[in-house]
């Protein structure tokens, strides 16, 4: 991901003031991930790193699940980081830092837990980034993250393809790309979201800051976009999120 693309993504998320109301799938995925993390054999006071905290869905869910310890909570967008801090209510266990999770280096390594919920799909090379994060784990440490797979937004892409057009949705890494990091093989789950109209779908995507097109994509003309929206609505207005969960660890 180029510096310009990272800046565009950060600006989009910074402007997502209505994120919490529209990010239904993101909230559900974070809660499911928190439940899985709470079942791990973590130390009594783990050192925790969260990548891409957003407004704090996962951070809050983990706190409510009783995962304590000392936390470093990070995000690329300072505005999101501040909203996460506000959600946590100034907990003394949580430190907050702006961090480019793909290329930056966090302070305080090694960590007993590295976690992230639906942030890595914005990385240029998510599998390589996870391999680098694995080096930040303490002996016996766990990394547990979710990201989006290539089946995500398949219906929106299909509406473009029906008209001979190309969607600007990013190219997400398939689960197989993470297989070398997860000895159990990454888990894949489809979550379906329904929208009353194409306009409602596009509004929701923009509201959660996820409307940044793939680098180099040329926006459609208004006429072409109306055609895509019509096809999308005729096909039911549903959207698939292909959620990939990867669990990597370091031997004791």
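How big is D, in µm² s⁻¹, for segment 36-180 by Stokes-Einstein at 20 °C and 1.002 mPa s if Rh is the Kirkwood radius over C-alpha pairs?
In µm²/s, the coefficient is 132.
To make sure I understand, if each residue's beta carbon is the centre and we count other beta carbons within 10 Å, what order do 188, 25 fall in, fewest to most?
Listed from fewest to most nearby Cβ atoms, that is 188, 25.
What is the order of 223, 132, 85, fewest Cβ neighbours within 10 Å to most?
Ranked by crowding around the Cβ, least crowded first: 223, 132, 85.
For segment 175-228, rounded, prolate or oblate, judged on the Cα gyration tensor with a ≥ b ≥ c (square roots of eigenvalues), a/c < 1.5 rounded, else prolate if a/b > b/c?
prolate
Determine, for 184, 193, the number of other Cβ atoms within 10 Å of each Cβ, and report the residues in order from fewest to most.
So the residues, fewest neighbours to most, are 184, 193.
Please work out whether the chain counts as rounded, prolate or oblate from its C-alpha gyration tensor, where a ≥ b ≥ c are the square roots of the eigenvalues and a/c under 1.5 means rounded, while otherwise a/b larger than b/c means prolate and anything else oblate?
Prolate.
Hey, any idea what Rg/Rh is for segment 37-123, computing Rh the Kirkwood way over Cα pairs?
Using Cα coordinates only, the ratio equals 0.92.
Could you work out [θ]222 nm for the chain from helices alone, using -39500 (n - 2.57) per DSSP H run of at least four and dividing by all its residues? Round to the nearest 500 deg cm²/dmol.
It lands at -10500 deg cm²/dmol.
Evaluate E = 1/(1 + (r/R0)^6) for residue 40 and residue 238, where r is the Cβ-Cβ distance and R0 equals 45 Å; express this FRET efficiency to the nearest 0.05.
0.85
Mean separation of Cα pairs under 8 Å and 6+ residues apart, divided by the residue count of the chain: what relative contact order is that in percent?
Dividing the mean separation by the residue count of the chain yields 24 percent.
Run the simple label-point estimate for residue 132 and residue 176 please: 7 Å along Cα→C-beta, distance reported in nm.
Computed distance between label sites residue 132 and residue 176 equals 2.6 nm.
Using a 7 Å offset from the Cα along the Cα-to-Cβ direction at both residue 124 and residue 196, what is the distance between the two label points in nm, to one decimal?
4.1 nm
Remind me, relative contact order of segment 33-158 in percent, using alpha carbon pairs under 8 angstrom and six or more residues apart?
RCO, segment 33-158: 27 percent.
Name the residues of segment 192-208 whose amide N is less than 19 Å from a point 7 angstrom out from the Cα of residue 161 along the C-beta direction?
Counting backbone N atoms under 19 Å from the label point, the list is 192-193.
Just so you know, all these numbers are worked out from the coordinates, no wet-lab data involved. Note that the structure is a prediction, hence the values are computed from the model and not measured. Backbone-built Cβ (ideal geometry, glycine too); neighbour counts: all protein chains shown.
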